[in-house]
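No value in this document is a laboratory result; all are computed from the given coordinates. Nothing here was measured: the structure is a model prediction, and the numbers come from that model. Cβ sites come from the backbone with ideal geometry, for glycine too, and all protein chains shown count toward neighbours.
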Amino acid sequence: MTRNFLGIERLRSSGTNGTWVLPVTPRLTTASRFLFGGAALAGAVVAMEEMSGRQVAWSTAQYLDYAMVDEEVEFDVSLDVVGNQITQASVTGHVGDRVIVRAMGALGRRNFAHRHVFSGSPNVPRPDDLRRSSLLPHVARTIHDEFDQRYVIGRSLEDRDGSVSDGRTLMWVRIIDSDDNADSTTLAMFGDFVPLGVGQALGVLGGGNSLDNTLRIVQLVPTKWVLVDIMIHAVERGFGHGSLKMYAEDGSLLAVASQTCIARLWKDRKWSEETA
């Protein structure tokens, strides 16, 4: 399970309330050494799913502050409404009195006579036919070292010449040191890739800091690789807005996600010219 990758553990629980703790290790951080937003949402998803005993259908997070490496984030979860088929839950992730993330979600499964998936997987090469490349400056000991990323549509650092693309980035991704199939927490992390698409779309050395992350789980099927199809809709007023779809190796639609980020050039993140 991806919770093993996160290293999150139950601290205590009673009735409809509980607390999970997530150590912020380097493998969960960005180049600036704070907790990757997708890992924060993934931690909230673990807490909600384990507390309720149900699978997330929808979850959203608002990022309020940074949890730095070697800190511990406590996720306080509350099951606000527990129905026969659906649970509504909320989570506050904090370091001491400092709130890092607020999240909420709906969990459960319903019987319904009709079903159909309207979004088909694009026809792309298999990951084994593509070489591994992050298309990002390398900064050692970050969460990007933990992901095997193989691009179908993406521009190298040298190709970012300021020309604007159609806004699309497409890649296969998996967690390197995991033999587990992608689960809700995996998709919560990969759903945080929208900012990566900002620099790709604009053709600049940049990206962004996530302000939010919304994840909608369609279905889980066995798959190690996830095809992430990112679309940047607009960059305006200093914010980037985008969405993505995630597909399994067999073409099944796993989830959709959306985000708004603070658009930044990498020099604003104090990455050196060597790494940029």
**Request:** Subtract the Cα-Cα distance of D159 and N17 from 0.36 nm times their separation in residues, and report this length gain in nm to one decimal.
**Result:** 46.1 nm
**Asked** Long-range amide H contacts for D183: which residues qualify at under 5 Å (H placed 1.01 Å from N, peptide plane, sequence gap of 5 or more or a different chain)?
**Response** T2
**Within a Gaussian network of the chain (alpha carbon springs, distance under 10 Å), most fluctuating of H233, H114, H241** = H114
**Prompt:** Under the Karplus relation 6.51 cos²θ - 1.76 cosθ + 1.60, θ = phi - 60°, what is the ordered set of whole-Hz ³J(HN,Hα) values for region 147-164, x standing for Gly and Pro?
**Reply:** 10, 8, 10, 10, 8, 9, 10, x, 9, 5, 4, 5, 8, 8, 9, x, 7, 8
**Request:** Report ³J(HN,Hα) in whole Hz for each residue of region 241-257, in order, from the Karplus equation J = 6.51 cos²θ - 1.76 cosθ + 1.60 where θ = phi - 60°; Gly and Pro get x.
**Result:** 10, x, 9, 8, 10, 10, 10, 7, 4, 8, x, 5, 6, 8, 6, 10, 9
**Message:** Counting other beta carbons within 10 Å of each residue's own, what order do L265, L196 fall into, fewest first?
**Reply:** L265, L196
**Asked** By per-residue mean of other Cβ atoms within 10 Å, what is the highest-first order of 78-88, 37-47?
**Response** 37-47, 78-88
**Message:** Test of understanding: in a Gaussian network model of the chain with alpha carbons linked when under 10 Å, which of A89, A57, A113 would top the mean-square fluctuation ranking?
**Reply:** A113
**Request:** Taking 7 Å along the Cα-to-C-beta vector as the label spot, tell me the Q62-R237 distance in nanometres, rounded to one decimal.
**Result:** 1.5
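By counting other Cβ atoms within 10 Å of each Cβ, how are S134, S14 ranked from fewest to most?
Working: S134 17, S14 7.
So the ranking, lowest neighbour count to highest, is S14, S134.
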**Fill in**
Fewest to most Cβ atoms within 10 Å: D97, D128 sort as D97, D128
**Asked** Around F36, which amide H atoms from residues at least 5 apart in sequence, or from another chain, sit under 5 Å from its own amide H, with H modelled in the peptide plane?
**Response** T29, T30
**Long-range tail of P(r) for the chain (Cα pairs > 27 Å, %)** = 36
**Prompt:** Can you list residues whose amide H is under 5 Å from R264's amide H, if they're 5+ apart or on another chain and H is modeled 1.01 Å from N?
**Reply:** G207, G208, N209
